[in-house]
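Scroll down for the structure; my scribbles are underneath it.
The values are calculated or read from the model by the stated rules, or taken from the named source; none is laboratory data. All values derive from a computational prediction rather than experimental measurement. Please note: Cβ atoms are built from the backbone with ideal geometry, for glycine as well, and neighbour counts cover all protein chains shown.
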């Protein structure tokens with residue numbers, strides 16, 4: 001059985017190079033996908049549980065309130081799905097980026113870019129690999145990573 005904390009970040013890898021394009025995120029997703037292929041079904045569910053926990057920890061109203069700057073320079077609020085994908089990009093950037101973002105609003109800002117939506121695929125890597133290995137759906141994991149679920153960080 002994997003040591004959850006150490007193995008999770010080891011599987012994510014050190015993607016501290018600035019993710020500035022959709023291609024950077026796609027490359028990081030591919031590296032994680034290859035690492036997950038070596039896990040058994042129990043380890044895949046542990047990975048997914050850790051992913052949920054880290055996304056839940058980043059589910060904060062102050063981070064969700066950061067506006068996205070579009071290519072034409074206009075600002076718009078993040079959608080709930082967009083905010084989830086930005087949090088996935090932050091986790092995908094690695095342990096140091098994640099820890100920095102949980103400590104400083106300014107550290108999360110770099111993920112609030114349209115290209116970060118490509119990190120959505122991180123959400124499906126372990127469930128898809130689990131399905132491939134077992135022929136069964138992984139099932140719902142907790143805590144929920146849906147935007148607004150971490151009530152401790154959202155105003156009523």
Just to be sure I understand the filter: pairs with C-beta atoms under 7 Å, separated by 6 or more residues or on different chains, first member in the stretch 105-116 and more than 9 Å from residue 19 (Cβ to Cβ), second member in a helix (DSSP H, G or I) and modelled with pLDDT of 90 or more. Which pairs pass? 105/62; 105/63; 107/100; 107/101; 108/63; 108/90; 108/101; 112/86
With 122, 44, 75 as the choices, which residue is closer than 24 Å to residue 23 by Cα and touching a residue at least 60 places away in the same chain (Cβ under 8 Å)? 122
Helices (runs of 4 or more DSSP H) wholly inside the stretch 66-156 that include at least 3 residues being under 24 Å from residue 11 (Cα atoms): 80-92, 95-103, 122-134
If the requirement is being modelled with pLDDT of 95 or more and within 22 Å of residue 113 (Cβ to Cβ), which of these qualifies: 55, 75, 70? 55
